[in-house]
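Written below as structure tokens is the structure these notes are about.
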Amino acid sequence: MDLNAFESLAMDEEGDEEEEFGFSRNYFLARELGSSSRKKSGRKLSEIDLVDEQVLRAAVSEIRPKNEAGIEALLRSYKDQYSKWLFVLRCGFGLLMYGFGSKKVLLEDFASTALTDYDVIVINGYLPSINIKPVVVTIAELLQDKQQCRRKVSTGNKQRTQQQFNTLSIDDLLTYLNEEVEDVKDSFVCLVIHNIDGPALRDSESQQYLARMACCSNVRVIASIDHVNAPLLWDKKMVHTQFNWCWYHVPTFAPYKAEGVFFPLILASGTAAQCARTATIVLQSLNPNAQSVFKVLAEYQLANEKAEGMPGNTLYTKCRERFLVSSQVTLNSHLTEFRDHGLLKARKHSDGQDCLYIPLSSEALQKLLSDLG
Amino acid sequence: MALSPSTTCDFHSSPISTSNASDVSDNNLQHFFVLHKAPARKCERKSSSTYRRTKRKIDMLLSSPIKDTQEENDAIYEQLRLEAFENTWSKINSTVKEVLREINLTLFEEIRQWVFESFSTIRSASPVHMMKPYPIAAGATCKRIPAALIFTKNIEFVDDMLMFQDLKGYMQSNGCHVAFLSALDISTKCGIGSCLRSLYKQLVPEASDVVDVPLIASWYCKDENYDKPIAVIIEDMERCDSAVLADFIKMLSEWVMKIPIIFILGVTTFDALRKLLPSSVMHNLQLCKFTLESPIRRMDSLIEYVLVRPSFGFFIGHKVALFLRNHFLRHDGTITSFLKALKLACVKHFSGEPLSFLCPGMLHDDCEAFWSGKCESLSEVLRSYAFDLPSCQRGKTTGDNNLSQGLSKLKWLQNSWSSVLLCLLEVGKLSKIQLLDIFCEAIDPTLCSGWALGQQLLPPLTASHDSVNGGFISQAIQKVRELPSDSLCQLLGQWSLHTAEVIEMDKEVKAVHSMINLPSDGHTSKEKQTVNINGCLASSARKKGKPFLNDEAAMLLVSLLRKFLVPIESVPFHEIFCFKDVSSLKSALIGDPRSVIQDDLLKSGEYLQSTSCSRREHVLSSSIHDTAIMYSLAQEYGDLINLHDWYHSFKTKVLISNPKAKRKAQHSPASEKGKSKALENEVSIQARFCKAVTELQITGLIRMPSKRRPDFLQRIAFNL
């Protein structure tokens, strides 16, 4: 490259480089500040007069957002762009929304006003656990419905029932989603993913499946991210050829109501006891069978308050009797899930047997059971 | 007049409600849910009969100006723009694929020949028992699998995926069984079983999931499969799990006589391969090396065929071109990301430019008829929009009031621009200047004044070529002066091909071409004889004519450039075809959440300005978002934030901004009522603090306290 070109490039990029310098300078400044402030301030959290966790949680849920009018006006201002977003979506790009503030309301409003002509599925990526396969099955069913409606021929022949979709592997389902439909343009299922960078979707397997879904000809993705490092989830192939993102900066400053539920409160007494409410929320996000297994355990614990816990094999027998699990493996997978969310602990019984118990008080358990219904 | 296409649908009727959370709270905890289904009439509308109805409506709109509602008109124009985009992009896309395939074709052919040679070598080595799956060969010499190493010249493998897909198609159509394994198939998680399964499924699509090597062997022994080699392509070897890959190769090498597998492996360097596989496994591969074309060469072809040669009806402005060049050279150097950027530019153009549905007219043979038809039926709004375009305003002195004629003139100018630029590119190829650079210089709108207006002002180019636009074009002109006569003659031959369609240009080129051709043709036979007798004589004869002819050619090029290299941005109505909004392209292409989210927090006031909060400083601060307050407070700390201090500074800040609460807290601590108020206040501040910390945690700007340092939060991003 000759010198002129190099200079022009250098001029173009001067701003960027300055930014980079600034960035590293800031980092080192911060390190320096950090070391000096650590010397100065060793104040303990316990010096604050902390209120009770229950009260705190109640107060958190009652916070009214400041400047609601401003937030509302900001959200309304994005409505002007809906038609452009739709255009970009129809041209085959995925929409990726970022910026501070919950974008849940914005995305759902966009979907329910601008995407009325399309099927829309919403994934709540901020939940602690998500199974992708049912989503793919549902998309396949929606597509099938649409095709049948279009064909208007007898539905008896090649109809794949829901059961059949369920039995297909995820690869086969993706192949089905990618099948080109002749004569039909502009017919796709929209997949809205709140927090595609959420905790349950952060593993590379989930992202791979989402990416493969996104590049199916009959699927379009509208997603939001909140984490500053979210782009690290994707490699070049995923970004350019599968998700095919078109970025939009849409700060909303709306409170992260649904997204923040699963985070512990910093001023609460910490990880010691999960309160009934959080437990309920976690349980509600699990499937009905898992909930029932939990109920069996909770009921046993309430009935035998003095016991050290429920022996594992007793739990298995009871669950089998009620047709909740078919094998020890299934039960174990439920138990692992409970354990991961701090809903279950194990200890040795005095006779050496392993016992399972829920680390909640009886009152909390009762409330939990009544909440679960 | 600024006309916004965003008025096409009315989404404004209902305000967005942030508070109706209760009725959707059930949905909030579902893993997923169906928000709504497409109405049944959508299916109907999409069926061909109703599609025709919409089409008819569009035609009607175009044939006679309908006084319909604005909204409906807008929706129809939007549909037209979408169709125009699809039309344009599908043409660009197919050209891109064609160009890339052409570049690889020679390599594919070499690989194909090698594959068949290797296949026949395997065949000749094992004449016995070939038609039966057992017994497998035992000799060590027979356990080597031929493997073609394709050195990809990119750090990123994403560009090569398309090439490998093409290669697969090429090999299939040339009599090979082909299977394509990706790094996902060869991973520790799935193990060797998944490799075999994927291999077998691709060879036998209707196969079941249960598979082993003898099964593949017996499939291969069938008459219809027997005569072809099996090419197994692994596109990105370095991403594969080395242990699984080594096992896979070892296993297949045992069977190579029964199943003549031939690997085609994508790899960056030979060292990478050696690091990946143990030497014992390397011994089982019989390597042959192939090299891909460099990304720069591919890029040059793309520039020529997509942005210069034909007009697809979509052009990019100078700034966009510079951005794309820098994006390619400095971002990741992949064609894929360049093409994505180009597509995004195209989408942005068709979504933002109300008249962009006129673009496909460029492709019509009788473009003037096409345009005049469309222009007559334009709504009044769009018509006045067209004549209010800045470029049209500039050229208004000419008194040209006909849109379709203006567009036709633009097409003519563009064709001439393209022809003369192709001539320049031919020189560029000879002097190894990147076409991308010449292209960027040739669409610079400031060039127009330099070439056309400065015709008399500029000193003769022979004297100071460097002063002319100082860049690649002047280098190219200089190159013409230095060319040996053979190459000059060839070059002029190329030029006359490129300029054949523009009569005026064609004449000038032909004149100079014949000038060069005549003496050289006359000399060739004589010269050959002279060389035989005395080499010096011939060369001196050639030298005499050389500077003159070279100067003639250079002058020709300069005059062509002056007359015809009119950058699109200086032509009236170019906005309809040319995308110039580089900032919107940049923001859509590269999101930068890391700095942008921090910026949002530090400048929250700019986004949340409501009418009530612009008076006094403390009034303003009371309306600042809690999380924004917390984040700006966090700026005062280093990489660790003391929770206690942070909480207290937040509390102070909040109390200052809310003087009433402060007064209450200060003046009535004694009374019971005051105490409970203060407690209430404390609770709410703690709650707000917790919420803000949670929100910062969601954005990933801070990390929760560790067990080692329970009283400190860690800051993660620093971009003050």
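No lab work stands behind these numbers, since they all come straight from the coordinates. This structure is a prediction, so every number in the text was calculated from the model and none was measured. In this analysis, Cβ positions are derived from the backbone assuming ideal geometry, glycine residues included, and neighbour counts consider all displayed protein chains.
Values for this structure:
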| read-out | value |
| --- | --- |
| Size descriptor, Kirkwood hydrodynamic radius, that averages inverse alpha-carbon separations across the stretch A:276-372, Å | 13.4 |
| Residue-count net charge about A:His227 - beta-carbon cut-off 14 Å; Lys, Arg +1, Asp, Glu -1 | -2 |
| Solvent-free Debye scattering, log10 I(q)/I(0), computed from the Cα coordinates of the stretch B:292-441 at q = 0.10, 0.14 Å⁻¹ | -0.43, -0.79 |
| Sequence-separation-based contact order of the stretch B:313-438, relative, with Cα cut under 8 Å and 6+ spacing, percent | 18 |
| Rg/Rg_ref, the stretch B:126-293, where Rg_ref = 2.2 N^0.38 Å and atoms are Cα | 0.99 |
| Semi-axis lengths, Å, the stretch A:304-344, gyration tensor of Cα atoms, sqrt of 5 times eigenvalues | 18, 16, 7 |
| Volume in Å³ per residue [convex hull over Cα atoms, computed for the stretch A:68-259] | 119 |
| Sorted by Cβ density within 10 Å, fewest first, the residues B:Val427, B:Val213, A:Val135 | B:Val213, A:Val135, B:Val427 |
| All-pairs alpha carbon distance profile, the stretch A:190-233, 10 Å steps from 0, percent | 28, 59, 13 |
| Summed residue charge, Cβ within 15 Å of B:Gln202's Cβ, Lys/Arg positive, Asp/Glu negative | -2 |
| Dipole of the stretch A:68-259, positive direction: furthest Cα of A:Leu86, A:Pro134, A:Phe243, with charges on the beta-carbon | A:Leu86 |
| Cβ-based net charge around B:Ile264, under 13 Å, with every Lys or Arg adding one and every Asp or Glu removing one | -2 |
